[in-house]
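The next block holds one structure in the form of structure tokens; read it before the comments.
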Amino acid sequence: MTPSLRIAGIWAMSVIGALPGCRQVVGGDVFELASVHLTCWPVMRGVQCQLLALSRDVRQPPRDATHEASWHFSGMAGAQLSTTGIVEADRDGDVSIDVDYQSRTAHRMVRLIRGRPGQLLAVVRGRALLDDHGSLRGVPGVRVEVVSGPDAGKAATTARDGTYELAGLTPGLFEMRATKPGYESTDMAVSIESGEAHVSVLLRALIDRDDM
């Protein structure tokens, strides 16, 4: 789906990345941008989000860049950003939030429920690995599936280097299973919070590759 941006109210935002470099003069001090941090939390209707700009100078406090950044939503049509930084929608669904500020980006996933507090979601990334005579290598074509909890049935298949990604998961405790013909099925108990988590799995071949 093509990312879209909708702004509620009269707040017009612009991309600051057009400014030369990442240096700004704030109150007479030069602010050199090191990174950005996007944080969101549930509110009465949707989620409240704030983008903080972090300086290379640790003595300088973070700056609130929420009103200066460029916000993009995807995954569900109808998501809106209010003048106070609240993301809400007129329907239920998962929304991917991408924010750009001075060539830096931040990302969060949330679940919006019409007229109710939203929920922060998690993204799980990792690799399926095989111990190949003392050296770990990625295994392609492994099915990694959530087998318990509210997201049971969500699955991904590992790429050529063994990596996978499962997005839009409900934080909490659940089980995952990794399967591929020729390998033992591997179950994992996983506990994650909102944001990004890394979960890799070590596989065992049913038959020694030297004997095949």
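The values are calculated or read from the model by the stated rules, or taken from the named source; none is laboratory data. Keep in mind the model is a prediction, meaning the values are calculated, not measured. Every residue, glycine among them, receives a Cβ derived from its backbone with ideal geometry; neighbour counts consider all protein chains shown.
Given the criterion over 16 Å from the mean Cα position of the chain (by Cα) and of a type in the set (Ser, Thr, Tyr), identify the matching residue among Ser55, Ser74, Ser96.
Within the list Ser55, Ser74, Ser96, the selection yields Ser55.
Could you say whether any residue in segment 36-51 is within 30 Å of Pro150 (Cβ to Cβ) and of a type in the set (Gly, Ala, Ser)?
Checked against the condition, which is being within 30 Å of Pro150 (Cβ to Cβ) and of a type in the set (Gly, Ala, Ser), segment 36-51 yields at least one hit.
Residue-wise test of (1) exposed (fewer than 14 other Cβ atoms within 10 Å of the Cβ); (2) among the small types (Gly, Ala, Ser); (3) over 27 Å from Pro117 (Cβ atoms); (4) at pLDDT 95 or above.
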residue	(1), (2), (3), (4)
Met13	no, no, no, no
Leu19	yes, no, yes, no
Ser55	no, yes, yes, no
Ala79	no, yes, no, no
Open item on the list: I'd like to know if segment 78-91 contains one or more residues that are within 16 Å of Leu166 (Cα to Cα) and within 21 Å of the chain's Cα centre (by Cα).
Closed with: no
Open item on the list: Just the residues that are of a type outside the set (Val, Ile, Thr) and touching a residue at least 40 places away in the same chain (Cβ under 8 Å), please, taken from segment 145-175.
Closed with: Glu165, Leu166, Ala167, Gly168, Leu169, Pro171
TODO: Could you tell me whether any residue of segment 139-156 is more than 20 Å from the chain's Cα centre (by Cα) and either part of a strand (DSSP E or B) or within 24 Å of Asp98 (Cα to Cα) (or both)?
DONE: yes
Task: Lone unmet requirement of (1) closer than 17 Å to Ala167 by Cα; (2) of a type outside the set (D, E, K, R); (3) out of contact with any Phe, Trp or Tyr (no Cβ under 7 Å at 6 or more places or on another chain); (4) free of Cβ contacts under 8 Å to residues at least 24 places away in the same chain for Val95 - done: (3)
- [ ] Could you look through segment 184-200, keep only residues that are outside any strand (DSSP E or B) and in contact (Cβ under 8 Å) with a residue 12 or more places away in the chain, and pick out the one that is nearest to Val110 (Cα to Cα)?
- [x] Ser194
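Name the strands (runs of 3 or more DSSP E) wholly inside segment 68-125 in which the number of residues that are touching a Gly at 6+ places or on another chain (Cβ under 7 Å) is 3 or more.
Ranges flagged: 86-88, 93-101, 104-113.
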Open item on the list: Regarding segment 160-183, can at least one residue be identified that is more than 19 Å from the chain's Cα centre (by Cα), more than 25 Å from Met109 (Cβ to Cβ) and not in a loop (DSSP other than H, G, I, E, B)?
Closed with: yes
